[in-house]
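Inspection log for the structure reproduced underneath, given as structure tokens.
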Amino acid sequence: MAATRTNIMVCGGTGCLATESEKVMKNLELILKARGYDKEATIIKTGCFGFCEQGPIVKIEPDNVFYVKVGPKDAKDIIDEHIIKGRKVERLLYVEPTEKERIRTQHDMPFYKKQLRIALRNCGLVNPEDIEEYIALGGYEALGKSITEMTRDQVIDTIKQSGLRGRGGGGFPTGLKWEITMKQNSEVKFIICNADEGDPGAFMDRSILEGDPHSIIEGMAIGAYAIGANKGLVYIRAEYPLAIERLTIALRQARDMGLLGENIFGTDFSFDITLKYGAGAFVCGEETALINSCEGKRGEPNYKPPYPAVEGYWGHPTCVNNVETFANIAPIITHGAQWFASIGTEKSKGTKVFALAGKINNVGLVEVPMGTTLREIIFEIGGGIQGGKKFKAVQTGGPSGGVITEKELDTPIDYDSLLGIGSMMGSGGMIVMDETDNMVNIAKFYLEFTMDESCGRCTPCRVGTKRLYELLNKITSGEGTMADIDALKQLAYLVKDGSLCGLGQTAPNPVISTMKHFWDEYMAFVKDEDHPRGEGRYVAKNKIGVRT
Amino acid sequence: MIKSLDDLRKIREEHQNKINLRQHSENGMNTIEVLVGMATCGITAGARETLNTFVEELGKQGLSNTKVVTVGCIGYCHSEPTVQINVPGKEPVLYGNVKKERVGEIIEKHIKGGQPVENLVLHMNFERT
Ligand SMILES: Cc1cc2nc3c(=O)[nH]c(=O)nc-3n(C[C@H](O)[C@H](O)[C@H](O)COP(=O)(O)O)c2cc1C
């Protein structure tokens with residue numbers, strides 16, 4: 001029998017599956033077999049490569065040749081030309097839009113050049129349904145090292161010193177959260193992975209779960225050891241069937257190998273994970289609502305404090321972390337806190353995964369070191385704006401964030417700098433808008449979302465988001481007056497200040513930030529004959545958006 | 001069942017071959033490349049067997065700093081199968097008439113020993129592009 005000399009990696013992420021990568025894979029298999037080369041080349045279904053715009057992706061290893069937009073009909077040429085005769089199939093190579101050059105390897109593509117993949121380290125590299133591949137790449141060593149060679153304090157210290165902050169949006173220091181949960185005096189504790197991912201346009205967590213589910217299991221097990229939990233939950237939205245399937249397979253494999261269950265690595269640490277399905281409500285991503293939902297109650301948030309770390313799932317101390325946060329844990333244990341802390345900016349360490357969407361050429365998933373500028377992400381990695389149009393703004397932080405304009409594109413990205421320019425890191429959604437987008441409509445789009453998603457528990461959010469939406473509707477239909485603009489502004493602050501949870505507290509942000517940066521566009525809708533430019537008694541009480 | 005870090009490492013070793021082909025050293029600087037010409041004339045002359053022998057032997061000997069790549073026709077049909085060895089920092093060496101029986105010698109002398117197998121070398125004025 002001939003040894004395998006080639007791996008044909010076919011993307012099996014949701015994006016590529018939607019563009020027929022399943023058929024590509026079938027055809028490759030059939031033709032490979034028909035030609036009698038199925039011993040020499042192996043086809044491997046991987047997770048997401050991130051380059052969704054150009055999918056389906058097929059990568060040939062060890063040649064490191066990267067094919068894009070591969071259709072089922074291209075399978076024949078890949079086998080007959082590349083696998084059998086060693087000739088690259090030129091027409092399937094990626095063409096760099098600005099230079100018009102065909103690029104052979106993943107390494108040389110601008111989309112990948114500036115990326116640094118920690119959380120996505122195995123996405124596109126391994127078969128997510130095969131635990132042996134994960135282990136062959138060093139998987140579960142961090143877990144073994146943690147529970148056999150490190151004390152709980154040492155694990156927590158390492159995470160603290162690494163500077164890792166929560167990737168779910170809030171940016172709370174992960175090591176500190178673990179320490180608080182660890183210090184709680186309780187027999188029973190829980191660790192929960194938040195895989196609700198409700199931001200429109202965001203798919204970071206889904207891709208990690210689909211492409212490398214074992215990294216989450218490993219991260220959770222390390223966290224469980226550190227805080228003293230024996231049971232973990234993954235709260236995952238039911239709209240992610242592929243992620244659920246891969247995670248279920250991964251959990252079974254980990255149990256079979258003894259990496260979950262009783263006496264892991266021969267120690268007295270026991271841990272297992274169960275899945276809880278969410279029904280796709282944005283508010284259920286908020287940790288207290290999430291816990292209520294896990295308990296079978298309505299997905300409504302509670303007042304904090306007490307924080308879940310003190311009183312969470314069924315009243316027990318519970319540590320809730322995001323998917324991407326967990327994906328970073330094993331590499332930190334393996335390579336050390338210093339290594340992680342050497343990446344990023346002063347207050348934000350490591351990398352961040354962003355889902356690029358909207359009017360951008362390379363729609364897809366990217367992971368960059370903190371401190372990379374928005375301009376680099378949008379124009380170098382993202383390949384600029386579609387159709388050669390002009391950039392207008394980018395929304396980070398999803399419906400909780402704000403718009404960032406051209407003049408702030410050189411801001412190095414981290415938690416604090418984004419807050420400083422009126423937006424936020426959020427979970428990593430990045431929606432790019434071009435010159436043809438109307439910003440009042442954008443604000444309306446987000447308000448429609450938060451209005452629908454408001455759980456109704458507190459009045460400012462339930463009624464406020466609806467009224468904000470109605471005002472925006474009136475304004476965009478040309479019926480608005482300066483009084484409406486003034487009301488919009490005041491109500492925005494009222495909802496922000498008065499709401500119970502993060503949903504309402506941040507829902508007006510898109511309104512506030514578009515008013516600040518695109519006041520003209522609001523004015524263009526308003527025909528107030530008495531006060532054509534917004535002067536007079538309608539000048540807002542708040543400084544935001546006031547034209548001088 | 002994994003009961004210790006050693007158990008885990010054993011499994012890691014056992015399955016190393018599954019992912020070897022996909023691991024590229026940081027910038028590919030230390031990898032010795034073995035390029036095998038796989039054009040029609042090469043295949044007729046036995047290039048596929050040569051190629052498979054390289055993959056098998058290098059795998060068997062655990063030479064993980066090597067990478068076997070198939071390439072197209074380079075126009076030396078008279079001397080097929082052709083094999084080119086690229087050692088980082090050195091001029092590429094092109095071999096002709098590399099039947100599978102000669103593979104062992106190239107691995108032993110050139111890849112492991114750093115000395116080209118002179119009697120197989122195709123002496124062309126060879127500029128690496
Ligand atoms: C309305 C709302 C939605 C949220 N949605 C998510 C979500 O989808 N995923 C997530 O990880 N965190 C979400 N969060 C943040 C969580 O409440 C919590 O801070 C986070 O899961 C903590 O994990 P981390 O420290 O690892 O970031 C949301 C918060 C709010 C207020």
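The values are calculated or read from the model by the stated rules, or taken from the named source; none is laboratory data. Note that this is a predicted model, so its numbers are computed, not measured. Note that we place each Cβ from the backbone using ideal geometry, even for glycine, and neighbour counts take in every protein chain shown.
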remark   = Apart from one, (1) modelled with pLDDT under 95; (2) under 21 Å from A:Pro200 (Cα atoms); (3) more than 16 Å from the ligand (Cβ to nearest atom) all hold for A:Gly429; the odd one out is (3)
note = Those residues of segment A:1-24 which are surrounded by 24 or more Cβ atoms within 10 Å (Cβ to Cβ), of a type outside the set (Val, Ile, Thr) and more than 22 Å from A:Glu367 (Cβ to Cβ) amount to A:Arg5
Any pair with Cβ under 6 angstrom, 6 or more apart, that starts in segment A:162-187 at a residue that is more than 14 Å from chain B (Cβ to nearest Cβ) and of a type in the set (A, V, I, L, M) and ends at one that is assigned to a helix (DSSP H, G or I) and within 12 Å of the ligand (Cβ to nearest atom) = A:Leu164/A:Thr174
Criterion: surrounded by fewer than 17 Cβ atoms within 10 Å (Cβ to Cβ) and either of a type outside the set (Gly, Ala, Ser) or within 28 Å of A:Asn263 (Cα to Cα) (or both) - qualifying residue of A:Arg121, A:Arg91 = A:Arg91
task = For segment A:94-110, name all the residues that are loosely packed, with under 14 Cβ neighbours inside 10 Å and either in a helix (DSSP H, G or I) or within 8 Å of chain B (Cβ to nearest Cβ) (or both).
result = A:His107
ask   = Does A:Glu90 satisfy being at pLDDT below 95 and more than 14 Å from chain B (Cβ to nearest Cβ)?
value = no
query = Here are some conditions: (1) of a type in the set (Phe, Trp, Tyr); (2) assigned to a helix (DSSP H, G or I); (3) surrounded by 22 or more Cβ atoms within 10 Å (Cβ to Cβ). A:Phe379 meets all but one. Which one does it not meet?
reply = (3)
request  = Run down A:Thr46, A:Thr42 and say which single residue is surrounded by fewer than 19 Cβ atoms within 10 Å (Cβ to Cβ), among the hydroxyl-bearing types (Ser, Thr, Tyr) and within 11 Å of another protein chain (Cβ to nearest Cβ).
outcome  = A:Thr42
key: Every residue from segment A:27-73 that is hydroxyl-bearing (Ser, Thr, Tyr) and within 16 Å of A:Arg5 (Cβ to Cβ)   = A:Tyr37, A:Thr42
key: Cβ-Cβ under 8 Å pairs, at least 6 apart or on other chains, segment A:283-294 side within 17 Å of A:Ala309 (Cβ to Cβ), far side in a helix (DSSP H, G or I) and within 6 Å of the ligand (Cβ to nearest atom)   = A:Glu286/A:Gly502; A:Glu286/A:Leu503; A:Ala289/A:Val283
query = Among A:Val95, A:Val24, which is of a type in the set (Val, Ile, Thr) and either free of Cβ contacts under 8 Å to residues at least 40 places away in the same chain or assigned by TED's automatic domain parsing to the domain that holds A:Pro241 (or both)?
reply = A:Val95
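Consider segment A:145-161. How many of its residues are touching an Asp or Glu at 6+ places or on another chain (Cβ under 8 Å) and within 14 Å of chain B (Cβ to nearest Cβ)?
0
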inquiry  = Suppose the filter is hydrophobic (A, V, I, L, M, F, W, C), away from the ligand (no atom under 11 Å from the Cβ) and away from every other protein chain (no Cβ under 14 Å); does A:Ile216 pass it?
reply    = yes
task = Filter segment A:9-26 for residues that are hydroxyl-bearing (Ser, Thr, Tyr) and more than 16 Å from A:Asp212 (Cα to Cα) and give the result.
result = A:Thr19, A:Ser21
ask   = Pick from segment A:438-467 the residues that are among the β-branched types (Val, Ile, Thr) and crowded, with 16+ Cβ neighbours inside 10 Å: which of them is nearest to the chain's Cα centre (by Cα)?
value = A:Thr450
message = Residue under question is A:Gly170, and the condition is that it be modelled with pLDDT under 95 and either among the β-branched types (Val, Ile, Thr) or surrounded by fewer than 24 Cβ atoms within 10 Å (Cβ to Cβ) (or both); does it hold?
response = yes
remark   = Restricted to segment B:1-32 and to residues being at pLDDT below 90 and within 14 Å of the chain's Cα centre (by Cα), the residue surrounded by the fewest Cβ atoms within 10 Å (Cβ to Cβ) is B:Asn30
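Quick grid of which residues meet (1) within 18 Å of A:Ile156 (Cα to Cα); (2) part of a helix (DSSP H, G or I):
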{"residue": "A:Asn194", "(1), (2)": "no, no"}
{"residue": "A:Ile208", "(1), (2)": "no, yes"}
{"residue": "A:Ala224", "(1), (2)": "yes, yes"}
{"residue": "A:Glu245", "(1), (2)": "no, yes"}
{"residue": "A:Gln253", "(1), (2)": "no, yes"}
Close pairs from segment B:29-58: first away from every other protein chain (no Cβ under 11 Å), partner among the β-branched types (Val, Ile, Thr), Cβ under 8 Å, at least 6 apart = B:Ile32/B:Thr66; B:Ile32/B:Ile85; B:Ile32/B:Val87; B:Ile32/B:Ile111; B:Thr50/B:Val36; B:Thr50/B:Val83; B:Thr50/B:Val98; B:Thr50/B:Val103
inquiry  = Against the definition (part of a helix (DSSP H, G or I) and within 12 Å of another protein chain (Cβ to nearest Cβ)), how does A:Asp63 come out, yes or no?
reply    = no
query = Can you tell me how many residues in segment A:332-369 are part of a helix (DSSP H, G or I) and buried (at least 23 other Cβ atoms within 10 Å of the Cβ)?
reply = 3
ask   = Which of the residues belonging to segment A:1-46 are more than 35 Å from the chain's Cα centre (by Cα) and of a type in the set (Asp, Glu)?
value = A:Asp38, A:Glu40
query = When the residues of segment A:188-209 are filtered to those that are farther than 17 Å from A:Phe326 by Cβ and near the ligand (Cβ under 7 Å from one of its atoms), which remaining residue is farthest from the other protein chains (Cβ to nearest Cβ)?
reply = A:Gly198
key: Residue ID - surrounded by the fewest Cβ atoms within 10 Å (Cβ to Cβ), chosen from residues in segment A:285-328 that are among the β-branched types (Val, Ile, Thr) and within 12 Å of the ligand (Cβ to nearest atom)   = A:Thr288
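Which residue out of A:Lys160, A:Lys177 is out of contact with any helix residue (DSSP H, G or I) (no Cβ under 8 Å at 6 or more places or on another chain), in a helix (DSSP H, G or I) and over 24 Å from A:Val432 (Cβ atoms)? I'd like the intermediate steps shown before the answer.
On the way: A:Lys160 fails: out of contact with any helix residue (DSSP H, G or I) (no Cβ under 8 Å at 6 or more places or on another chain).
Checking each option against the conditions leaves just A:Lys177.
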request  = Give segment A:135-144 a look and list any residue that's facing another protein chain (nearest Cβ under 7 Å) and under 13 Å from A:Leu259 (Cα atoms), or say none.
outcome  = A:Ile135, A:Tyr140, A:Glu141, A:Gly144
Odd one out for A:Glu129 among (1) within 14 Å of another protein chain (Cβ to nearest Cβ); (2) part of a loop (DSSP other than H, G, I, E, B); (3) in contact with a Ser or Thr (Cβ under 7 Å, 6 or more places away or on another chain) = (3)
remark   = Going through segment A:160-175 in order, the residues found to be within 15 Å of A:Ile343 (Cα to Cα) and either within 18 Å of the chain's Cα centre (by Cα) or within 11 Å of the ligand (Cβ to nearest atom) (or both) are A:Leu164, A:Arg165
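Looking at segment B:1-28, which of its residues are outside any helix (DSSP H, G or I) and more than 7 Å from every other protein chain (Cβ to nearest Cβ)? If you could, list the steps in order and put the result at the bottom.
Filtering segment B:1-28 for residues outside any helix (DSSP H, G or I) gives B:1-4, B:15, B:23-28.
B:Gln23, B:Ser25, B:Glu26, B:Asn27, B:Gly28 - these are the residues of segment B:1-28 that are outside any helix (DSSP H, G or I) and more than 7 Å from every other protein chain (Cβ to nearest Cβ).
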